[in-house]
């Protein structure tokens, strides 16, 4: 263990930790825009600069040394940090109220911490290029005027989802996050998992239908047998949002496109809530008893006439493991091994 | 000395002797990019046709740049037993005259000659190798440039080439590093890191593969030192790289050359092939068992790829982004994660000479802290622009007034810019400073890789700062906030100042932002980008203030801050300006002094140029009052 003194507080951290991690352990806040605990370090926002043994370094990258003395709030550190945040704001969309990240925005949080001053901002030349948002994806949109080029979405796509649909394109001030050929994101290999949207520190990536929920309900995703932990955002009697549950051991917050965005079936008018039986060529709603009796009759008849192997069952990936277990049990009890599952197809 | 090399050297000397024993004249044409751009290739063609027509025999040699760019196209003629006479500003027509007069009739044509080299030249032609241009120069790195045919390896060998390699191959690796350390050689790319120490730190790590990279991604505006060395003496760089490979235990080297240097690339290709043919490169070099291969990698033109880690990323096929600190040194973990030795063209090129002539010889040139010579691309408003090589420690004054021949048109000196977009501008009272790695940094500039731009009184310093900032703004890679956003912000402020929208507090804003960009940026590009602004504020603050407070551009350059006006008393109504004005803003008749309609004037400046000097009636006015008067219409009340 290395001993590190941060702002006079001594803390012991493991060798190989960064100054940022040490500060976190000591309970000291260091502002950052491009650092994310799930991802590799980037070091591009330069907002986490601190004084380590007299040198100005980025806390997210600098490894601790034994006996290191870190100061996170010297005049010099404050000045460099403030200047960086001011420069980001200079080309950032001015309107926070209409932004879906309002009140949960990292740039707002960091701006408040470094202390943005209107007199100073007046000296700064603001230039936000009026670029139209990319609304090609039905689930989330991209607003380039709110992008701070922290690269979190890029690293997420590569490191979390393994797709690498996006990367930095162009150079210098003209740098932007783009898919191959700078096309609309819908025309890329993006799988719309939405992991980038979750991690975007600003409102650059936002849900196509952003609705703020009034309460949260923990649940398990019913789409497949993985059983990802989710949090359903509910407003009135409707589910308006799904988020991955970071505390769930199964998925630790990650979700796929279905789990995150495929919840409109819940309140959909076409959703089947009762079994349908075909009578005179037309599907008619029936009771569960009637439907199950019908199935039992038909299956017994087939078994009697053609043998058990004339029967077969395909179960759904949306059933739980326990349900699938029972399903194959029924068929084996009937005397056949003809059991399959849609996830295999 | 390795026996095998003796044979190669003898063969080269013999080949050269054969060439020189021929009792025929030799004609050298400067065919580096600078020469070719001025028309050297058509001069070469004309010479060939002319010789055929006159039935004359002469050896034509396309040589590299001798550095006298102000006199291109340069044609040098050596008649047997006579000194080398250099002819300047040669055109196809002139070269026919030269051949007729000098080759046929033995009249050396002093009217066309620039000078001669050596002794025993014609009386009415000046000797140049002892004259102003060359007397302060010491050509070490450039010794072969403009002298040898860069496409003939024998010429290089005959002038002592590859001797350094032959000697190095008989030395222990540590011994070579010892010589480099003793010589005090510092990297010529700009930062001046001690080369011996760099090589040593690359020798130490154990690895199955190591790499040598030559950084030829020269990108400073107005700088062409590395290009000239590659075009004029490619073998010196190749030899240096082979020695480096042997020293650190590497079998593979890369030339990282910008694709904008096609001639350098083609000469390098030929030179590599020739060296391979002579077994100076490739497998089992000179029978010593040492293998070394060289590959050329063409950079796609991003300035930031001259930064070592971005350069490595670029070869690896990644986006050319510098790696943020802390990171392992390139000498430990460079290309493909292997120990990599990266040096500038000029650093590699001087190594062979240090090994063959010794560390003491190198130390005898230059200063204690910066031994050796410095190569500069001397440009700007100077009489003799070109490529120069001077001993370190020489005063800036000597370079500008003696080597460069002073300011063009006898105008007043204002500043000298060194170090390109990373450097700064130094005013007249700093001209006593000596040129070396450390002194210029103390004064707020830097030596950089060797650009030197001389600026006279007709240049606006805010505009100069804006020019360099525009360059770094365009070339910033975009990875970190201070550089990406900061250069843009500084550029916006400078644009405002130059265009009359400067605000009180802007100077302080620029200084503060500059400081944050220097401290916050990832790589050298951002860390030095504010230098041109900060150094001009340091030495020419009054010009910034004039722009901001009085809307005045003292150098009369910034278009938005000047108005054109015709002095009625001086105007002779000759009508030239009126006819030349592209927007018909000038009115007047014969014998009626002309006036400019300010509402139509686009400030193109043509009237100013057209007005004959003896009248000088068109003047440029600046300042709030003049601008306001112009805005009201005609400038009659000024």
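Only one of the listed residues (A:124, A:148, A:166, A:160) is under 13 Å from residue A:202 (Cα atoms) and touching a helix residue (DSSP H, G or I) at 6+ places or on another chain (Cβ under 6 Å). That residue is A:148. Taken over segment B:1-28, the residue count meeting the criterion of being buried (at least 19 other Cβ atoms within 10 Å of the Cβ), under 20 Å from residue B:78 (Cα atoms) and touching a residue at least 60 places away in the same chain (Cβ under 8 Å) is 2.
So residue A:146 ticks every box in (1) within 23 Å of residue B:527 (Cβ to Cβ); (2) buried (at least 18 other Cβ atoms within 10 Å of the Cβ); (3) away from every other protein chain (no Cβ under 14 Å) but one. Which box is left unticked? Result: residue A:146 passes all but (1).
Would you mind stating whether residue A:110 is within 12 Å of chain B (Cβ to nearest Cβ), at negative phi and either assigned to a loop (DSSP other than H, G, I, E, B) or surrounded by 17 or more Cβ atoms within 10 Å (Cβ to Cβ) (or both)?
Numbers: within 12 Å of chain B (Cβ to nearest Cβ): yes; at negative phi: yes; either assigned to a loop (DSSP other than H, G, I, E, B) or surrounded by 17 or more Cβ atoms within 10 Å (Cβ to Cβ) (or both): yes.
It is true that residue A:110 is within 12 Å of chain B (Cβ to nearest Cβ), at negative phi and either assigned to a loop (DSSP other than H, G, I, E, B) or surrounded by 17 or more Cβ atoms within 10 Å (Cβ to Cβ) (or both).
For segment B:358-371, does any single residue satisfy the condition of being buried (at least 19 other Cβ atoms within 10 Å of the Cβ) and over 25 Å from residue B:388 (Cβ atoms)?
Pass one, segment B:358-371, residues buried (at least 19 other Cβ atoms within 10 Å of the Cβ): B:359, B:362, B:366-367, B:370-371.
Going one step further and asking which of them are over 25 Å from residue B:388 (Cβ atoms), we end up with none.
So far as segment B:358-371 goes, no, none of its residues is buried (at least 19 other Cβ atoms within 10 Å of the Cβ) and over 25 Å from residue B:388 (Cβ atoms).
Select from segment A:32-51 the residues that are more than 10 Å from every other protein chain (Cβ to nearest Cβ) and either under 17 Å from the mean Cα position of the chain (by Cα) or within 21 Å of residue A:196 (Cα to Cα) (or both) and write down the one among them that is surrounded by the most Cβ atoms within 10 Å (Cβ to Cβ). Lay out the reasoning, then the answer.
Kept after step one, since they are more than 10 Å from every other protein chain (Cβ to nearest Cβ), are these residues of segment A:32-51: A:32, A:35-40, A:48, A:50-51.
Subset that is either under 17 Å from the mean Cα position of the chain (by Cα) or within 21 Å of residue A:196 (Cα to Cα) (or both): A:32, A:35-40.
Values: A:32: 22, A:35: 26, A:36: 21, A:37: 7, A:38: 16, A:39: 17, A:40: 11.
Taking the candidates together, the pick is A:35.
For (1) under 24 Å from residue B:385 (Cα atoms); (2) more than 27 Å from the chain's Cα centre (by Cα); (3) buried (at least 19 other Cβ atoms within 10 Å of the Cβ), each residue gets a yes or a no:
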{"position": "B:32", "(1), (2), (3)": "yes, no, yes"}
{"position": "B:44", "(1), (2), (3)": "yes, no, yes"}
{"position": "B:59", "(1), (2), (3)": "no, yes, no"}
{"position": "B:75", "(1), (2), (3)": "yes, no, yes"}
{"position": "B:94", "(1), (2), (3)": "yes, yes, no"}
{"position": "B:111", "(1), (2), (3)": "yes, yes, no"}
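Residue A:319 passes every criterion in (1) assigned by TED's automatic domain parsing to the domain that holds residue A:224; (2) modelled with pLDDT under 95 apart from (1).
With a cut-off of at least 2 residues that are within 12 Å of chain A (Cβ to nearest Cβ) and touching a strand residue (DSSP E or B) at 6+ places or on another chain (Cβ under 9 Å), name the helices (runs of 4 or more DSSP H) lying wholly within segment B:438-532. Working first, answer last.
Details: elements: B:461-475, B:481-498, B:506-520, B:524-528.
So the answer is B:506-520.
Taken over segment A:300-315, the residue count meeting the criterion of being surrounded by 14 or more Cβ atoms within 10 Å (Cβ to Cβ) and under 30 Å from residue A:221 (Cβ atoms) is 2.
Candidates A:297, A:289, A:293, A:270: the one that is part of a loop (DSSP other than H, G, I, E, B), surrounded by fewer than 18 Cβ atoms within 10 Å (Cβ to Cβ) and out of contact with any helix residue (DSSP H, G or I) (no Cβ under 9 Å at 6 or more places or on another chain) is A:270. Only a single criterion out of (1) outside the structural domain of residue A:162 (by TED's automatic domain parsing); (2) farther than 30 Å from residue B:505 by Cα; (3) out of contact with any helix residue (DSSP H, G or I) (no Cβ under 8 Å at 6 or more places or on another chain) is not satisfied by residue A:131, namely (3).
Among the conditions (1) part of a loop (DSSP other than H, G, I, E, B); (2) farther than 20 Å from residue A:156 by Cβ, residue A:210 misses just one, which is (2). For the residues A:162, A:115, A:151, the requirement of being without any contact (Cβ under 8 Å) to a residue 24 or more places away in the chain and farther than 22 Å from residue B:491 by Cα singles out A:162.
Considering each of A:283, A:261 in turn, give the residue that is surrounded by 12 or more Cβ atoms within 10 Å (Cβ to Cβ) and either touching a strand residue (DSSP E or B) at 6+ places or on another chain (Cβ under 7 Å) or under 30 Å from residue A:209 (Cβ atoms) (or both). Walk me through how you get there before you give the answer.
Details: A:283 fails: surrounded by 12 or more Cβ atoms within 10 Å (Cβ to Cβ).
Result: A:261 is the single residue among A:283, A:261 that is surrounded by 12 or more Cβ atoms within 10 Å (Cβ to Cβ) and either touching a strand residue (DSSP E or B) at 6+ places or on another chain (Cβ under 7 Å) or under 30 Å from residue A:209 (Cβ atoms) (or both).
Given the criterion without any contact (Cβ under 8 Å) to a residue 60 or more places away in the chain and under 42 Å from the mean Cα position of the chain (by Cα), identify the matching residue among B:575, B:605. So that I can check it myself, show each step before the final result.
Values: B:575 fails: under 42 Å from the mean Cα position of the chain (by Cα).
After applying the criteria, what remains is B:605.
Only one of the numbered conditions (1) assigned to a helix (DSSP H, G or I); (2) in contact with a helix residue (DSSP H, G or I) (Cβ under 9 Å, 6 or more places away or on another chain); (3) within 14 Å of chain B (Cβ to nearest Cβ); (4) free of Cβ contacts under 8 Å to residues at least 24 places away in the same chain is not met by residue A:181, and that is (3). When B:162, B:87, B:156 are checked against the criterion of being within 25 Å of residue B:45 (Cβ to Cβ) and either surrounded by fewer than 22 Cβ atoms within 10 Å (Cβ to Cβ) or touching a residue at least 12 places away in the same chain (Cβ under 8 Å) (or both), a single residue qualifies: B:87. Under the condition of being touching a helix residue (DSSP H, G or I) at 6+ places or on another chain (Cβ under 9 Å) and assigned to a loop (DSSP other than H, G, I, E, B), the residues counted in segment A:184-198 number 7. Scoring residue A:75 on the criteria (1) under 25 Å from residue A:143 (Cβ atoms); (2) more than 23 Å from the chain's Cα centre (by Cα); (3) more than 11 Å from chain B (Cβ to nearest Cβ) leaves a single failure, condition (1).
Filtered by the rule that a residue be part of a loop (DSSP other than H, G, I, E, B) and either assigned by TED's automatic domain parsing to the domain that holds residue B:63 or surrounded by 22 or more Cβ atoms within 10 Å (Cβ to Cβ) (or both), segment B:267-281 gives B:280, B:281. Restricting attention to segment A:52-69, which residues are more than 11 Å from chain B (Cβ to nearest Cβ), in contact with a strand residue (DSSP E or B) (Cβ under 7 Å, 6 or more places away or on another chain) and either in a strand (DSSP E or B) or more than 18 Å from residue A:9 (Cβ to Cβ) (or both)? Scanning segment A:52-69 gives A:68, A:69.
Selection over segment B:282-326 of residues that are assigned to a loop (DSSP other than H, G, I, E, B), closer than 22 Å to residue B:250 by Cα and over 25 Å from the mean Cα position of the chain (by Cα) gives a count of 8.
From the list A:253, A:225, the lone residue that is in contact with a helix residue (DSSP H, G or I) (Cβ under 7 Å, 6 or more places away or on another chain) and farther than 21 Å from residue A:138 by Cβ is A:225. So residue A:201 clears everything in (1) away from chain B (no Cβ under 14 Å); (2) at pLDDT 95 or above; (3) assigned to a loop (DSSP other than H, G, I, E, B) except one condition, right? Which one? Here residue A:201 meets the rest and fails (1). Of the residues making up segment B:324-347, those that are within 14 Å of chain A (Cβ to nearest Cβ), free of Cβ contacts under 8 Å to residues at least 60 places away in the same chain and within 17 Å of residue B:524 (Cβ to Cβ) are B:326, B:327.
The values are calculated or read from the model by the stated rules, or taken from the named source; none is laboratory data. Values in this document were obtained by computation on a predicted structure and should not be read as measured data. Neighbour counts run over all protein chains shown; Cβ positions are idealised from the backbone, glycine included.
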